[in-house]
Each structure stands twice: as C-alpha cells, then as structure tokens.
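Asker: Sharing a structure below in structure tokens format, with a few things to ask.
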Amino acid sequence: MTANNLREEFLSFFQKKNHQRVVSSSLLPTDPSVLFTTAGMQQFKEYFLGRKSPYGNRAVSCQKCFRTSDIEEVGDSRHLTFFEMLGNFSFGDYFKEEAIEFAKEFIDSIGVKIDYVTVFAGDNDVPKDEESIKIWGKLGFSEKKGNLKLSGREDNFWGPTGEEGPCGPTTEIYANSIEIWNLVFNEYYQDKNKKLTPLKQKGVDTGMGLERLAMVSQNKADVFETDLFTPLIENITGDDEKTKRIIADHIKSAVFLIAEGILPSNVEQGYVLRRILRRAIRYGKSLDLIVLAEKAIKIYQDVYPELKSKKTEILSVIEQEKEKFGKSLEAGIKELKKKAEKGYITGEEEFHLFDTCSLPRDMTEDLAREYNIAIKNPEGFDEAFKKHKEVSRAGAEKKFKGGLADDSAQTVKYHTATHLLLAALREFLGQEIYQKGSNITAERLRFDFNYAQKMTDDQISAVQNLVNQKIKEDILVEMKEMSKAEALKIAKVSFDPEKYGDIVKVYQIGDFSIELCGGPHVKRTSELGTFKITKEESSGAGIRRIRAVLE
C-alpha cells in the first residue's frame, strides 16, 4: 500500500469512529518553549487540560513534524528530521480500552502483523498499568505468550511537550521488531519542577510515524526504501548509503521549513535550516539539489499544496544558500587552515568560524578531522556563543520601540504604520511573513521582511491600498498588558520570545493587526495620513525591504 493510501486509510478509519479530521498545524509552534512542532498532540495540548475543543471530543490528524534531536542520527535505517505523525485523540471521551481496540483493529485492517506490545511497568511515582495489561490480554497478548513486555519510564512514559503539560504511561505497538505506534494515556500534568499531579480530564494521544508504517506495510528494510523517499534516493549518485540518506532527509526537511517562511540564518529555526541545507550541500557537492527539491515537492504537493504554490521561493532559497555557502566554505577552510598552523584550534576559534563564515559547528569539526586538526577546549564554543547571544539580546532590547530614531509624533505615526504594513504583507504574501528589521525616522520608514522574490507591481499596489483602507477606517489602536504565554496565543512576534519579559504589551488594531510591541503608537489609524510605498528592494538573501512615507 502506498504511503498516500496509508495516510488516507488511517484518517478515514478514525473518521468512521466519529473523530473529526483536523488539518496539520504549522511546523512553527505557538509554544515558545520549543523550536518546532515535534508531535501531533501539540496543537491539541490545551484541550487535554480542559479547554473546550472546537473539533469535539475526538480528533484525528496527520501532523507535519520536525525533530532536531535526530539530526545526528540521520543516516541509519529509520531516523529522520522531518516526518509525518498519524494520531487519534480523545479529550475526556474514551480512554485505554477503546484506544487499544481501535489500534488493533486498524493494524489488522491494513494487513500488518503485530509482533508484540509494551506496557508501563510502574515506578515510585506512577503505578504499573494493570488496566492496559488486561485489555491487551483480551486481545491475545500477554507476558506468558511473550508478545507483551513491561518497560520502565524511559520507554513507556511520554511527555510533556515543552517544559510542562499533560503526560502519562504509554503502550507501544511493534511490527517487524520496530516500534510503529505509541498510545499515550494522559493521566497527569507535569510542571516545570517535574512534579506530577492527576489530571481532572483523562485523554488519549497517539502517534504513529507514517514513514515507519509505510516501511512495515511495504515490507521494506528501512524508511528510505519506501515511496516517500525512492524518488529522491534514485537521483542521488554514489555508493555510500548513509550519505544518500542524509541528503534525501535534509533536502526534504529544507523544503518543508522554507515553505513555512523560515530562511537560513544563524539563530533558532533559521540556524537549523542553514545547518541541514549546508550538510546536504557539502555531502552532495556534485548533485543538482534543485532537482532533488523538485522531487520532494512532487511527492507531497497533493497533500500539502503550499509546497507547490511556494515552489519558486523554495528553490530560490536553496539556490541562494548553495551559492552563499560555496563562498563561506572556501573562506572557512582558508581561515581554519590559517588558525590551525599551530596544530589545533580552540572552541572559541570554532565559534569565530561559525560567526564570521557561517560554518555550523559540526561541519567545522568534520573539516578539522579531515585535515587532522585537533580541537582544544571545545566548551569555549558554548561560552563564546553565550556571550554572543547576550550582546544580541541587548541590541534587540534597544530596538524594542521598533527601530525608532526618536519619540516624535511623526516617528510614532510611522511606527504604527509598520504594524499595518506587516499585516497587509501577510494578507497578500502569506501568514509566514515576519519582520526582519526596521528603521524609522520622522521622514520615512524602512521595513525588512522575509520573502524570497521581488514583489510584483500589483502586489505592491495591493499592500499600499490595504494600508490606506485601514487608515481611512479610523480604527482604534488598543494596548493590553498580559502574560507572555497568553500573548503568544493571539499575537504575532518577530523577535525571539525569550527577549520579552514575563509581562508584555500587545497592540491591537481592530481584527487586522495584533502584535507584541513595546510601543509607542497613535490612538487611531486616521491620524496617519496617506501611506505611500516609495521603493521595494532586496536586503539580502531571502529578505526584501520596503521604504515608505506618510503624506
């Protein structure tokens, strides 16, 4: 059965069991404690805690996921950075019995044989899961038969995602000696101090990797032999299987990250994208990565149409990063050899290469091994990186008034106009548009944002007209103070959330714009006058710049 068929079979199966089909959420989570969406339950987290679900008490989804913890493992038979997670969820509805019975019924329906299952053995904090043992017993699984095994907290207790949240014991299903499905029974809430308290509302959260299910269903030795990867692998030359897998995984992941509006950079999600892209570029020096990216888009475009609509942008970012990295790699190798004339480099020098030549740490270490160069005091990298972040954070705090040159009335008008501009850009270019920088004076505004291609005249005109429309509507500009966690649920943020305090200001312009911002702003949009875009230009790879005036 093809992966596309398996995905649809799963979703349809649970729809027939009265589950609401929910589309995949973004790879960029609303939870600021994690960089990416790593599990299907993340978009449902609050419904496990008692908030009413708009989907009812049962949901099913196929969620796009990305895990940075698996980057170094990629190249074996089953570890990936990007993957799809199939999951069914119960918010205070059914619990262990129906969850286990549903799972067994679905696995049987697609012709896969379960080797064995595992159940939580219990520990000092949480008792042995006797209920699951009894349920599996009715279905023919037991310790006596050897097809039911007990495991500890490391294997059979899951969660929470982020620093705190719902969690609980799990039961796992194995086929072909590989774990394919994890059923999590959310019975507890774990706080930041790792303390567990029973949840008032019990829930079910299951996760099954589509890639692993396809591997088992298609009788393949590894996930890279399934139809989710063969169109890529077939176009990668060479005899080293590990290298082929790394390139295929990383290009596919890059395609999905760029489609989310992420651009290569030296911080956070952008750094992860840069890291996997540059690994793919280095491992596939003689390959046409654009062809591989096109193959990845073709595999998924019917399920995730945004890949097709953003194809030009995706390919442009990859090509630009390849050109940029070629220069950086050349400069980095030259600098590395120069620094290593003494026979070694320090961790601090390693960071210098990262900061000035954009060489990811693991790549510098690969090059060091290649040129037989030792790395002394590797922890110096972390110390230098920490200092760099502190300096960057201080700089960002100075810009918390939006890059304002002063607090004059006209400058404040321009600052408010940037909020309208950003909202208008999102309206026409996509919700993944974010502010990448701004500079505001009493004479004009300059606004940088992530977009990989030149805006058309029609797009520029449409953005300008929408801003002026909102100005004419004379909308009240409101400010509310709230907790950062609460604000991040409703507002967009262009800076690292860690750079904000626990209590933040949220400026709202009707239902058009909601932004975390330090202010100041005008009271009503009608105070701004007429907004006119004077220039749209490039401000770097994947970054566009708009200059505008108020008349």
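Asker: So is L257 over 16 Å from P231 (Cβ atoms) and under 12 Å from the mean Cα position of the chain (by Cα) or not?
Answerer: Numbers: over 16 Å from P231 (Cβ atoms): yes; under 12 Å from the mean Cα position of the chain (by Cα): yes.
Spelling it out, L257 is indeed over 16 Å from P231 (Cβ atoms) and under 12 Å from the mean Cα position of the chain (by Cα).
Asker: Sticking with this structure for a sec: So which pairs qualify, if the first residue must be in region 195-217 and within 22 Å of Q43 (Cα to Cα), the second must be open to solvent by 30 Å² or more (accessible area, probe 1.4 Å) and among the small types (G, A, S), the Cβ gap must be under 7 Å, and the two must be at least 6 apart or on different chains?
Answerer: Pairs that qualify, where the first residue is within 22 Å of Q43 (Cα to Cα) and the partner is open to solvent by 30 Å² or more (accessible area, probe 1.4 Å) and among the small types (G, A, S), are K200/G50; Q201/G50; Q201/G92; K202/G92; G203/G92.
Asker: Inside region 140-161, can you point out the residues that are part of a strand (DSSP E or B) and over 12 Å from T118 (Cα atoms)? Walk me through it before giving the result.
Answerer: Step one: of region 140-161, the residues part of a strand (DSSP E or B) are 148-151, 157-158.
Correct list: W158 only.
Asker: State all residues of region 95-110 that are buried (at least 20 other Cβ atoms within 10 Å of the Cβ) and over 24 Å from T226 (Cα atoms); if no residue qualifies, say none.
Answerer: K96, A99, I100, F102
Asker: I would also like to ask the following. Filter region 197-225 for residues that are open to solvent by 40 Å² or more (accessible area, probe 1.4 Å), in contact with a helix residue (DSSP H, G or I) (Cβ under 8 Å, 6 or more places away or on another chain) and within 20 Å of E101 (Cβ to Cβ) and give the result.
Answerer: none
Asker: Which one is farthest from the chain's Cα centre (by Cα), of the residues in region 474-489 that are in contact (Cβ under 8 Å) with a residue 60 or more places away in the chain and open to solvent by 50 Å² or more (accessible area, probe 1.4 Å)? Steps first, answer last, please.
Answerer: Taking region 474-489 first, the residues in contact (Cβ under 8 Å) with a residue 60 or more places away in the chain are 477, 484-485, 488-489.
Now narrow it down to the ones that are open to solvent by 50 Å² or more (accessible area, probe 1.4 Å): 485, 489.
Working: A485: 18, K489: 16 Å.
Checking each candidate, the answer is A485.
Asker: When D474 is evaluated against the numbered criteria (1) modelled with pLDDT under 90; (2) on the phi > 0 side of the Ramachandran plot, which criterion, by number, is the only one it fails?
Answerer: For D474, the exception is condition (1).
Asker: Sticking with this structure for a sec: Taking the conditions exactly as written (open to solvent by 70 Å² or more (accessible area, probe 1.4 Å), at negative phi and in contact (Cβ under 8 Å) with a residue 24 or more places away in the chain), does K113 satisfy them or not?
Answerer: Numbers: open to solvent by 70 Å² or more (accessible area, probe 1.4 Å): yes; at negative phi: yes; in contact (Cβ under 8 Å) with a residue 24 or more places away in the chain: yes.
When the stated conditions are applied, K113 passes them.
Asker: OK, next. Does A368 count as touching a strand residue (DSSP E or B) at 6+ places or on another chain (Cβ under 6 Å), open to solvent by less than 20 Å² (accessible area, probe 1.4 Å) and modelled with pLDDT of 85 or more? Step through it out loud before you land on a result.
Answerer: Values: touching a strand residue (DSSP E or B) at 6+ places or on another chain (Cβ under 6 Å): yes; open to solvent by less than 20 Å² (accessible area, probe 1.4 Å): yes; modelled with pLDDT of 85 or more: yes.
Considered against the rule, which asks whether it is touching a strand residue (DSSP E or B) at 6+ places or on another chain (Cβ under 6 Å), open to solvent by less than 20 Å² (accessible area, probe 1.4 Å) and modelled with pLDDT of 85 or more, A368 comes out as yes.
Asker: Sticking with this one: For residues that are of a type in the set (S, T, N, Q) and more than 17 Å from the chain's Cα centre (by Cα), scanning just region 63-92, find the one that is nearest to P29 (Cα to Cα).
Answerer: Applying the first criterion (of a type in the set (S, T, N, Q)) to region 63-92 yields 63, 68-69, 77, 81, 88, 90.
Cutting the leftovers down to more than 17 Å from the chain's Cα centre (by Cα) gives us 77, 88, 90.
Details: S77: 28, N88: 19, S90: 21 Å.
Only one residue fits best here, namely N88.
Asker: Any chance region 200-212 includes a residue that's out of contact with any Phe, Trp or Tyr (no Cβ under 7 Å at 6 or more places or on another chain) and of a type in the set (D, E)?
Answerer: no
Asker: Of the residues N4, N18, only one is part of a helix (DSSP H, G or I), of a type outside the set (V, I, T) and more than 16 Å from the chain's Cα centre (by Cα); which? Spell out the reasoning first.
Answerer: Working: N18 fails: part of a helix (DSSP H, G or I).
Step by step, each of N4, N18 is checked, and only N4 is part of a helix (DSSP H, G or I), of a type outside the set (V, I, T) and more than 16 Å from the chain's Cα centre (by Cα).
Asker: Yes or no: S408 without any contact (Cβ under 8 Å) to a residue 40 or more places away in the chain, hydroxyl-bearing (S, T, Y) and surrounded by fewer than 18 Cβ atoms within 10 Å (Cβ to Cβ)?
Answerer: Working: without any contact (Cβ under 8 Å) to a residue 40 or more places away in the chain: yes; hydroxyl-bearing (S, T, Y): yes; surrounded by fewer than 18 Cβ atoms within 10 Å (Cβ to Cβ): yes.
Judged against the criteria, S408 is a match.
Asker: Another question, if that's okay. If we only count helices (runs of 4 or more DSSP H) wholly inside region 270-362, which ones have 2 or more residues that are closer than 18 Å to E260 by Cβ and out of contact with any Asp or Glu (no Cβ under 9 Å at 6 or more places or on another chain)?
Answerer: Numbers: elements: 289-300, 306-309, 311-339, 347-357.
Output list reads 289-300, 306-309, 311-339.
Asker: Something else: Filter region 454-474 for residues that are assigned to a loop (DSSP other than H, G, I, E, B) and in contact with a strand residue (DSSP E or B) (Cβ under 8 Å, 6 or more places away or on another chain); which is nearest to A491 (Cα to Cα)? Don't jump to the end; show me each part of the working.
Answerer: Step one: list which residues in region 454-474 are assigned to a loop (DSSP other than H, G, I, E, B), which gives 454-456, 473-474.
Adding the requirement that they be in contact with a strand residue (DSSP E or B) (Cβ under 8 Å, 6 or more places away or on another chain) leaves 454-455, 474.
Working: K454: 27, M455: 25, D474: 21 Å.
Among those that are assigned to a loop (DSSP other than H, G, I, E, B) and in contact with a strand residue (DSSP E or B) (Cβ under 8 Å, 6 or more places away or on another chain), it is D474.
Asker: Could you list all residues from region 250-269 that are part of a loop (DSSP other than H, G, I, E, B), more than 16 Å from S26 (Cβ to Cβ) and in contact (Cβ under 8 Å) with a residue 60 or more places away in the chain?
Answerer: As a first pass, look at region 250-269 and keep what is part of a loop (DSSP other than H, G, I, E, B): 260-267.
Then keep just the ones that are more than 16 Å from S26 (Cβ to Cβ); that gives 264-267.
Selection gives P264, N266, V267.
Asker: Anything in region 49-82 that is open to solvent by 20 Å² or more (accessible area, probe 1.4 Å), under 25 Å from Q269 (Cβ atoms) and not in a loop (DSSP other than H, G, I, E, B)? List them, or say none.
Answerer: Of the residues in region 49-82, the ones open to solvent by 20 Å² or more (accessible area, probe 1.4 Å) are 49-52, 54-58, 67-70, 72-73, 76-79.
Then drop every residue that is not under 25 Å from Q269 (Cβ atoms), which leaves 67-70, 72-73, 76, 78-79.
Correct list: T68, S69, D70, E72, E73.
Asker: Okay, moving on. Out of all the residues in region 503-525, which are open to solvent by less than 10 Å² (accessible area, probe 1.4 Å), assigned to a strand (DSSP E or B) and of a type in the set (S, T, N, Q)?
Answerer: Within region 503-525, just S513 meets the criteria.
Asker: Restricting attention to region 324-347, report how many residues are of a type in the set (D, E, K, R) and surrounded by 12 or more Cβ atoms within 10 Å (Cβ to Cβ). Steps first, answer last, please.
Answerer: Of region 324-347, the ones of a type in the set (D, E, K, R) are 324, 327, 330, 334-335, 337-339, 341-342.
Checking the rest, the ones that are also surrounded by 12 or more Cβ atoms within 10 Å (Cβ to Cβ) come to 324, 335, 337, 339.
Result for region 324-347: 4.
Asker: Hey, another quick one. Select, from L422, L429, the only residue that is open to solvent by less than 50 Å² (accessible area, probe 1.4 Å) and either under 25 Å from K505 (Cβ atoms) or acidic (D, E) (or both).
Answerer: Working: L429 fails: either under 25 Å from K505 (Cβ atoms) or acidic (D, E) (or both).
Every option except L422 fails the conditions.
Asker: For region 83-94, enumerate the residues that are open to solvent by less than 20 Å² (accessible area, probe 1.4 Å) and either among the aliphatic types (A, V, I, L, M) or at positive phi (or both).
Answerer: If the condition is that a residue be open to solvent by less than 20 Å² (accessible area, probe 1.4 Å) and either among the aliphatic types (A, V, I, L, M) or at positive phi (or both), then L86 is the only one that fits.
The values are calculated or read from the model by the stated rules, or taken from the named source; none is laboratory data. Because the structure is predicted, anything quoted here is derived from the model rather than measured. We place every Cβ from the backbone using ideal geometry, glycine too, and count neighbours over all the protein chains shown. Please note that ligands, DNA and RNA were not included when accessible areas were found on the heavy atoms of the full protein model with its side chains. Shrake-Rupley method; radii C 1.70, N 1.55, O 1.52, S 1.80 Å.
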